[in-house]
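Enquirer: The structure follows.
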Amino acid sequence: RHGGWNETGIVDRLPDTGLKVVWRAPINAGYSGPAVAGGRVFLTDFLRSAGSRGTELILCFDERTGTLLWKQEWDVNYGSMGFENGPHATPTVDGARVYVVGANGMLMALNTSSGEGLWKKDYVKDYAAELGLFGMSSAWHVTTTTSRRMKTANGGFPSVATATTTNTRALARN
């Protein structure tokens with residue numbers, strides 16, 4: 001994002017035999033990528049129960065072993081939403097907190113060590129947000145200021161939302 005590359009130890013060529021698989025874990029459907037931080041891997045997925053109904057989950061794995069450390073889940077109904085195979089936004093990790101937003105607009109802050117819920121808001125119920133065809137697809141970005149503010153940009157309404165990392169009382173539509 002700053003136009004520079006500071007990483008070291010990156011290989012120029014992959015081995016002809018491919019990369020060694022360190023661990024595998026069963027996951028369900030979803031569009032988000034993994035977030036890796038603090039020795040943990042965070043990933044969201046979706047387990048369909050009937051029609052457009054199912055359960056969205058956030059899973060936390062040990063980065064070294066692939067052991068499932070904790071998970072949180074919540075029921076969803078995607079209704080007429082398109083691309084209804086799970087969450088779209090990659091979890092955002094900021095120190096001891098991981099922020100996750102499901103396709104139906106459930107935003108949660110969880111403790112990275114235990115998975116304990118710290119707070120949650122529902123974009124649709126709490127802020128009358130419209131899901132649109134893709135649902136909520138934008139991950140949160142945490143700014144590194146003293147106020148620890150978060151921002152996200154959504155294609156629908158609200159177009160930009162901000163909050164503090166400790167609560168969502170300051171959630172605003174811009």
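The values are calculated or read from the model by the stated rules, or taken from the named source; none is laboratory data. These numbers come from a predicted model, not from an experiment. In this analysis, Cβ positions are derived from the backbone assuming ideal geometry, glycine residues included, and neighbour counts consider all displayed protein chains. When the accessible area is computed, the model is the full protein with side chains, heavy atoms only, and any ligands, DNA or RNA have been set aside. Shrake-Rupley method; radii C 1.70, N 1.55, O 1.52, S 1.80 Å.
Enquirer: Within segment 111-125, can you find the residues that are open to solvent by less than 30 Å² (accessible area, probe 1.4 Å) and either more than 19 Å from residue 76 (Cα to Cα) or at pLDDT 95 or above (or both)?
Expert: Taking segment 111-125 as the starting set, the residues that turn out to be open to solvent by less than 30 Å² (accessible area, probe 1.4 Å) are 112, 115, 122-123.
Matches in segment 111-125: 112, 115.
Enquirer: Among (1) under 20 Å from residue 74 (Cβ atoms); (2) more than 20 Å from the chain's Cα centre (by Cα); (3) open to solvent by 100 Å² or more (accessible area, probe 1.4 Å), where does residue 26 come up short?
Expert: (2)
Enquirer: Pairs please, first residue from segment 73-96 and under 22 Å from residue 41 (Cβ atoms), second anywhere and buried (at least 18 other Cβ atoms within 10 Å of the Cβ) and among the acidic types (Asp, Glu), Cβ atoms under 9 Å, 6+ apart in sequence or on different chains.
Expert: Within 9 Å, the pairs are 73/56; 74/56; 86/45; 86/56; 87/45; 87/56.
Enquirer: Sticking with this structure for a sec: Against the definition (of a type outside the set (Ser, Thr, Tyr), closer than 16 Å to residue 139 by Cβ and touching a residue at least 12 places away in the same chain (Cβ under 8 Å)), how does residue 22 come out, yes or no? Full working, then the answer.
Expert: Working: of a type outside the set (Ser, Thr, Tyr): yes; closer than 16 Å to residue 139 by Cβ: no; touching a residue at least 12 places away in the same chain (Cβ under 8 Å): yes.
So residue 22 does not fit the description; no.
Enquirer: Of the numbered conditions (1) without any contact (Cβ under 8 Å) to a residue 12 or more places away in the chain; (2) touching a Cys at 6+ places or on another chain (Cβ under 9 Å), residue 41 satisfies every one except a single condition; which is it?
Expert: Unmet for residue 41, out of (1) without any contact (Cβ under 8 Å) to a residue 12 or more places away in the chain; (2) touching a Cys at 6+ places or on another chain (Cβ under 9 Å): (1).
Enquirer: On to the next question. Any residue that is acidic (Asp, Glu), exposed (fewer than 14 other Cβ atoms within 10 Å of the Cβ) and under 21 Å from residue 138 (Cα atoms) - is there at least one of those in segment 75-87? Please lay out each step first, then the result.
Expert: If we filter segment 75-87 for residues that are acidic (Asp, Glu), which is where we start, we get 75, 84.
Subset that is exposed (fewer than 14 other Cβ atoms within 10 Å of the Cβ): 75.
Okay, now just the ones that are also under 21 Å from residue 138 (Cα atoms), so 75.
Yes: segment 75-87 contains one or more residues that are acidic (Asp, Glu), exposed (fewer than 14 other Cβ atoms within 10 Å of the Cβ) and under 21 Å from residue 138 (Cα atoms).
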